[in-house]
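Structure record follows, encoded as C-alpha cells.
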Protein chains: 2
Amino acid sequence: MLGIGDDAAILKPAANRHWVIATDTLVSGVHFKPDDPASTIGHKSLAVNFSDMAAMGAQPKWVLLNLTLPAVNESWIKAFVQGFSQLLNQYDVQLIGGDTTRGPLSIGVTVLGDCEQPVRRDTASAGEAVVVSGQLGSAAFALHHPKADDACLAQLHTPQPRLELAASIKTMATAMIDVSDGLLADLGHICEQSGVGATIELERIPIKPVIQTSDDWITHVLAGGDDYQLCFTIKACDQHRLPADCQVIGRLTEDRGITVTHHQKPIHTGLTGYQHFAHE
Amino acid sequence: MLGIGDDAAILKPAANRHWVIATDTLVSGVHFKPDDPASTIGHKSLAVNFSDMAAMGAQPKWVLLNLTLPAVNESWIKAFVQGFSQLLNQYDVQLIGGDTTRGPLSIGVTVLGDCEQPVRRDTASAGEAVVVSGQLGSAAFALHHPKADDACLAQLHTPQPRLELAASIKTMATAMIDVSDGLLADLGHICEQSGVGATIELERIPIKPVIQTSDDWITHVLAGGDDYQLCFTIKACDQHRLPADCQVIGRLTEDRGITVTHHQKPIHTGLTGYQHFAHE
C-alpha cells in the first residue's frame with residue numbers, strides 16, 4: 001500500500017453523500033498493444049474508470065493504482081505516470097494508494113467518487129428519449145483502420161471521460177451508461193435492467209463522416225466499443241434543455257428488444273448485441 | 001463492473017466513521033505458485049487484504065475482485081471462489097464489484113472497511129512496549145522447507161487475518177502494522193514514521209520450536225514475510241491487559257534504528273531490514 005504510507009488509506013466521507021466505486025484491469029495484448037506509448041496507456045487506464053464515474057453522475061475523488069510490470073523500465077514508468085497524472089490533475093483527483101508488483105504487464109485502477117444522487121441503469125421508462133453524447137464509432141474505426149485520421153486515433157488511445165457533460169445533464173438523465181462495449185450492448189443494459197425496449201434511428205446517430213469510408217461503419221457505430229461517450233435517457237419534455245453535444249437517437253418502448261431503423265426501415269445487422277436483445 | 005450491475009457500486013457511508021481502503025495484487029509465479037490449489041489462492045488473496053484492515057483496527061465491509069485469467073477453467077474458478085467466499089462469509093463482507101479479464105493469471109483485491117478511529121503507523125512513542133501476536137517465522141520456514149509440518153504450511157498458504165484480535169486491542173494500540181514483509185521491515189515502518197527506534201529481544205519472540213531445526217531460523221523470525229500477524233505498540237501500563245496470544249518482545253527507544261539482542265547481547269544478523277534501519 002502506497003499513498004499515505006500506512007496499511008490502508010484513510011478517508012472521512014462527508015455526510016449525506018453517496019459514494020461510488022469502480023474498478024477495471026487493462027492487460028497488455030488484450031486492452032492495449034505492448035508497444036502503445038506508455039503515456040496513452042496511463043491516460044486510458046484512468047479514463048475508462050473516470051468514464052464509469054461520469055456514467056453514475058459522480059465526481060471522481062480518489063484513485064488506487066495496481067501496476068504489474070515485468071521489469072523496472074524507468075522511461076516507460078515515467079511516461080506512464082505522465083499520462084496518468086495529467087488526467088488525475090485535470091480533475092483534481094488524489095492518488096491514495098495501490099501497489100507495484102512484478103509480473104506480466106497489466107494495470108488495475110480503482111476509482112472512488114461521490115455524488116448527491118447516483119444515476120443508475122435500472123430507472124428508465126418507456127416513452128423516454130434515448131440520447132448519446134459526441135460521436136460514435138470513431139474508436140472502432142481507428143482500431144480496424146490503422147491509417148485513420150488523428151481525431152479517430154485520439155478517440156481510441158486517449159478518450160476523454162465525459163465528466164463535465166455528465167455533471168450538466170445528471171439531474172435530467174433518468175438512466176445513464178457509458179458506451180464502452182458498443183451502443184447496442186450498453187443501451188441493452190439500460191433496457192434489460194429497466195424492463196423496456198428501444199427503437200434507434202441509425203441516421204440520427206452522430207458520426208465522423210470519414211468512418212463511412214469503411215464497409216463496416218454500421219458495425220463500428222452500433223457495436224464498436226471504446227468511445228466512452230454517454231448514453232442516457234430523458235423525459236421528452238427535457239429535450240430542449242440538451243447541450244449541443246448531445247443528440248436524441250431514438251425512444252424507449254414498452255416492447256422489449258432494440259430495433260434499429262434506417263430511414264424508417266428496420267435493419268438487421270446480425271450484430272451480437274443487437275441480436276441478443278432483439279430476440280429476448 | 002459486476003456487483004450491483006451498474007457502472008460502479010454505490011455505497012452510503014454512515015456518519016462519523018472513518019473509511020479505510022487497501023489493495024493488493026497477487027501474481028502467479030511471484031506471490032503464489034501456478035499449481036497451488038486455487039482455493040488457497042482465493043483464500044490468501046483476500047486474507048492479505050483483510051490483514052491490512054486488521055492493522056488499521058478496521059472491520060472489512062466491501063470487496064472488489066479483479067480476476068485476470070489466461071483461459072476459462074471452470075473447476076479452477078469454482079475452487080478459487082470457494083476459498084474466497086469462505087473467508088468473505090466468515091467476516092460478513094460483501095463482494096460489490098470487480099472485473100474478469102483475459103490475461104496472465106493474477107488477482108487484484110480491493111477492500112473497504114470502516115472504523116471509529118484508525119490505528120496508524122506514525123503514532124508510537126519512545127518507551128512504549130513492542131508487541132507481536134501469534135508466532136513469527138512459520139510461513140518463511142514452510143516456504144523454504146517443503147516438508148514443514150501442516151501448521152507451518154497452513155500459515156503460509158491459508159493465513160488467518162487477525163481481525164478479532166485487532167478489534168480487542170485496537171483502543172490500547174498506539175501504532176500497528178501487519179507483519180507481511182518481516183518483523184524488522186514492518187516494525188521499521190512504525191519506527192521510521194513515528195521517529196523512534198526499538199530494541200527487540202530475540203528470545204521473547206514466540207516461534208514454533210520446529211523452525212529452530214533450520215539453520216536460517218533467525219532470518220525466518222526477523223525477516224520472514226507472510227505470517228500476517230500483528231505488530232503493535234502499547235503504553236507500559238497496558239501490558240497486563242494484553243490477550244494471551246500477544247507477547248511483549250521489546251521497547252521503543254529515542255535512539256533510531258532497531259537493535260536485536262539475544263540474552264542481553266546485541267546480534268548482527270546482516271539482514272537487509274535490520275541493516276537498513278540500524279544504519280540510518
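The values are calculated or read from the model by the stated rules, or taken from the named source; none is laboratory data. Everything quoted here is computed from the prediction, not taken from an experiment. Quick reminder, even Gly has a Cβ in these numbers, built from the backbone with ideal geometry, and neighbours come from all protein chains shown.
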Within the range B:170-222, how many residues turn out to be in a helix (DSSP H, G or I), more than 14 Å from chain A (Cβ to nearest Cβ) and within 17 Å of the chain's Cα centre (by Cα)?
5
So how many residues does the range A:223-244 have that are within 13 Å of A:Val131 (Cα to Cα), of a type in the set (Asp, Glu) and assigned to a loop (DSSP other than H, G, I, E, B)?
0
Exclusive hit being more than 23 Å from A:Pro37 (Cβ to Cβ) and assigned by TED's automatic domain parsing to the domain that holds A:Ile249, set A:Ser133, A:Ser138
A:Ser133
Tell me whether the range B:68-89 contains one or more residues that are facing another protein chain (nearest Cβ under 9 Å) and either in a helix (DSSP H, G or I) or crowded, with 21+ Cβ neighbours inside 10 Å (or both).
yes
In the set B:Gln155, B:Gln160, the lone residue that is polar (S, T, N, Q), assigned to a helix (DSSP H, G or I) and under 12 Å from the mean Cα position of the chain (by Cα) is B:Gln155
If B:Gly57 passes every condition in (1) at negative phi; (2) within 14 Å of chain A (Cβ to nearest Cβ) but one, which one does it miss?
(1)
Please pick out the residue among A:Thr123, A:Thr100 that is more than 8 Å from chain B (Cβ to nearest Cβ) and under 14 Å from A:Phe232 (Cβ atoms).
A:Thr123
Being basic (Lys, Arg) and surrounded by fewer than 22 Cβ atoms within 10 Å (Cβ to Cβ) is the requirement here; does B:Arg120 meet it?
no
One residue is enough: does the range B:21-29 have a residue meeting the conditions surrounded by fewer than 24 Cβ atoms within 10 Å (Cβ to Cβ), in contact with a Pro (Cβ under 8 Å, 6 or more places away or on another chain) and not hydrophobic (A, V, I, L, M, F, W, C)?
yes
Within the range A:1-28, residues more than 7 Å from chain B (Cβ to nearest Cβ), more than 17 Å from B:Leu65 (Cβ to Cβ) and modelled with pLDDT of 75 or more come out as A:Asn16, A:Arg17, A:Ser28
